[in-house]
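Derivation of every value follows stated rules applied to the coordinates shown; laboratory data play no part. Here the structure is a predicted model, which is why all the values come from computation and not from measurement. Cβ coordinates were reconstructed from backbone atoms using ideal geometry, including for glycine residues, and neighbour counts include every protein chain displayed.
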């Protein structure tokens with residue numbers, strides 16, 4: 001899939017985002033990426049992506065926040081880990097893709113009618129509320145938020161699943177759902193704290209991201225091309 005070339009000056013890029021992505025789990029070695037394209041060559045879905053995995057890694061580490069989070073590549077990633085296995089710099093590319101997905105969900109910049117991010121958000125909300133998912137209600141929520149007409153096309157399959165007891169309309173939950181909710185809230189709070197710690201204004205964040213504030217200021221007049 002071809003996309004138009006875009007040019008941005010360094011001063012226009014989001015340096016906070018660049019600091020953040022190189023500090024997440026899996027992104028610590030992102031600055032060492034040599035843009036060899038091995039990840040894109042191995043990816044079974046790169047032909048359907050607006051940006052290849054190689055381009056997404058470049059966009060993220062340079063601070064092209066909008067382009068990285070809006071890319072459909074992060075949602076098409078099959079999590080096969082082929083790119084991470086073959087990367088000559090041992091970058092956990094799949095983990096970086098997961099981090100970008102999570103940030104896109106938090107900031108609500110994902111495509112509204114694209115089923116994958118809608119499914120991810122509905123799945124998380126249902127687990128947080130009930131401790132588990134109820135497949136029937138999960139499917140219904142996704143269809144209502146993406147394409148409600150698809151429900152009619154799958155009605156026969158749904159009825160067959162209901163007859164065999166595999167598709168229940170009663171919302172299911174677990175006993176310790178409050179504990180699950182507390183655990184998820186704690187993880188989210190820790191993630192937010194880690195993001196604040198790695199912010200550009202924090203002196204330790206430059207060491208985590210592998211940046212030098214002086215070098216960044218010096219590069220502010222340069223241009224980056226995708």
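Annotations for the structure displayed:
- Computed over region 1-145: relative contact order in percent, which uses C-alpha pairs under 8 Å that are six or more apart: 23
- Stokes-Einstein diffusion for region 97-139, with the hydrodynamic radius set to the Kirkwood value over Cα pairs and evaluated at 20 °C in a medium of 1.002 mPa s, equals 196 µm²/s.
- Note on region 61-128: Cα-only Rg and Dmax are 12.9, 39 Å.
- Ranked packing of 81-91, 178-188, 23-33, most packed first, by mean Cβ within 10 Å: 23-33, 81-91, 178-188
- Distance between region 24-80 and region 130-183 - C-alpha centres, whole angstrom: 32
- Residues 65, 150, 101, 108 in ascending order of nearby Cβ atoms (within 10 Å, fewest first): 108, 150, 101, 65.
- Region 20-106 - Rg and Dmax from Cα coordinates, angstrom: 11.2, 31
- Taking the average, over residues, of other Cβ atoms within 10 Å as the packing measure, peptides 125-131, 15-21 rank 15-21, 125-131 from highest down.
- Dividing the mean sequence gap of close Cα pairs (under 8 Å, 6+ apart) by how many residues region 12-63 holds gives a relative contact order of 54 percent.
- Here the relative contact order of region 124-195, from alpha carbon pairs under 8 Å that lie six or more residues apart, stands at 46 percent.
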